[in-house]
Amino acid sequence: MLGIKLMNQTMRLISSFEVKDKCDYLKYAYAFMLCKKLYIKECSFINPNPKQFDSEYVYPSDVFSAVYSENNLPPWEEFRSNLIHCSSPSFNCVGSLDQTDKERIMCALIESTVVFCCYGNYEAKAKKIINEILTIHKTLE
């Protein structure tokens with residue numbers, strides 16, 4: 001199993017899925033945000049043309065072209081047709097399996113693959129979350 005050491009925790013690849021097209025990968029991001037078993041959810045889309053560079057920072061300040069939480073998530077019809085999402089080369093969603101935010105799961109688009117990773121020894125709990133996300137994914141049209 002893939003693992004990357006991150007501040008005394010290992011990021012573990014749990015699942016990966018090839019996407020058919022942009023609408024398919026947007027379904028994964030949206031389903032992640034709709035998942036009721038997750039807390040403190042965030043979803044960010046990478047800006048394909050950042051312009052706000054500052055030598056004091058590693059990333060440009062406009063590295064993300066769109067950022068969502070549970071409070072500002074638009075309806076699915078608007079989300080899937082948003083040109084910002086469609087032009088983004090990638091997205092990254094993060095959420096917590098617990099209310100104290102100690103067990104996190106990530107969903108990201110890397111090229112044409114959506115990956116799910118967690119940051120500790122709770123893969124069984126994370127797999128249940130992924131199953132719910134896959135169920136929601138199937139309902140989106």
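Are there chymotrypsin sites (Phe, Trp or Tyr not before Pro) in segment 41-141 that DSSP puts in a loop and that have at most 15 other Cβ atoms within 10 Å, and which ones?
Working: sites: Phe45, Phe53, Tyr57, Phe64, Tyr68, Trp76, Phe79, Phe91, Phe116, Tyr119, Tyr122; in loops: Phe53, Tyr57, Tyr119, Tyr122.
Taking segment 41-141 and a limit of 15 other Cβ atoms within 10 Å, the loop chymotrypsin sites (Phe, Trp or Tyr not before Pro) found are Phe53, Tyr57.
DSSP loop GluC sites (Glu not before Pro) in segment 20-102 with at most 12 other Cβ atoms within 10 Å of their Cβ, which ones? Kindly include the intermediate steps, with their values, before the conclusion.
Numbers: sites: Glu42, Glu56, Glu70, Glu77, Glu78; in loops: Glu56, Glu70.
Passing both the DSSP loop test and the Cβ count: Glu56.
Taking springs between alpha-carbon atoms closer than 10 angstrom, which of Ala31, Ala108, Ala124 fluctuates most in the Gaussian network model of the chain?
Maximum fluctuation in the GNM of the chain, among the listed residues, is at Ala124.
With Rg and the Kirkwood Rh both taken from Cα atoms, where does Rg over Rh land for segment 45-97?
Details: Rg = 12.8 Å, Rh = 12.5 Å.
Rg/Rh: 1.02.
In nm, to one decimal, how far is the modelled label at Tyr39 from the one at Gln99, with both set 7 Å along Cα→Cβ?
Taking the two extended label points, one gets 0.6 nm.
Mind checking segment 46-125 for trypsin sites (Lys or Arg not before Pro) that DSSP puts in a loop (not H, G, I, E or B) and that have at most 15 other Cβ atoms within 10 Å?
Details: sites: Lys51, Arg80, Lys102, Arg104, Lys125; in loops: Lys51, Lys102.
Qualifying residues, ordered by number: Lys51, Lys102.
Need one number: nm distance between label points at Leu73 and Leu140, each 7 Å from Cα along Cα→Cβ, rounded to one decimal.
Reported label-point gap for Leu73 and Leu140 is 0.9 nm.
Given the options Met106, Met33, Met11, state which has the largest fluctuation in a GNM of the chain using a 10 Å cut-off (strictly under) for Cα springs.
Among Met106, Met33, Met11, the largest GNM mean-square fluctuation belongs to Met11.
For the chain, what is Rg from Cα atoms divided by 2.2 N^0.38 Å, rounded to two decimals? Don't skip to the end; give the middle numbers.
Details: Rg = 15.0 Å, N = 141, 2.2 N^0.38 = 14.4 Å.
Cα Rg divided by the expected 2.2 N^0.38 Å: 1.04.
Over 26 Å between Cα atoms, which of Lys27/Lys125; Lys22/Lys102; Lys51/Lys138; Lys27/Lys51; Lys20/Lys102; Lys51/Lys127 qualify? Walk me through the numbers on the way to the answer.
Numbers: Lys27/Lys125 22 Å; Lys22/Lys102 31 Å; Lys51/Lys138 37 Å; Lys27/Lys51 28 Å; Lys20/Lys102 33 Å; Lys51/Lys127 38 Å.
Over 26 Å apart, Cα to Cα: Lys22/Lys102; Lys51/Lys138; Lys27/Lys51; Lys20/Lys102; Lys51/Lys127.
What list of ³J(HN,Hα) couplings, whole Hz, do you get for segment 107-116 from phi and the Karplus terms 6.51, -1.76, 1.60, once you set θ to phi - 60° and write x for glycine and proline?
10, 9, 9, 10, 6, 10, 10, 9, 10, 10
Given H placed on each backbone N at 1.01 Å, which residues far from Met11 in sequence or on other chains put an amide H within less than 5 Å of it?
Under 5 Å from the amide H of Met11: Ile4, Lys5, Leu6.
For Val63 and Cys23, what is the calculated FRET efficiency with R₀ set at 25 Å and r taken between the beta-carbons, to the nearest 0.05?
Working: r = 24 Å, r/R0 = 0.96.
According to the calculation, E is roughly 0.55.
Values quoted throughout were computed directly from the atomic coordinates according to the rules given, and no laboratory measurement underlies them. Treat the numbers as computed from the prediction; the structure is a model and nothing was measured. Cβ atoms come from the backbone with ideal geometry, glycine included; neighbour counts cover every protein chain shown.
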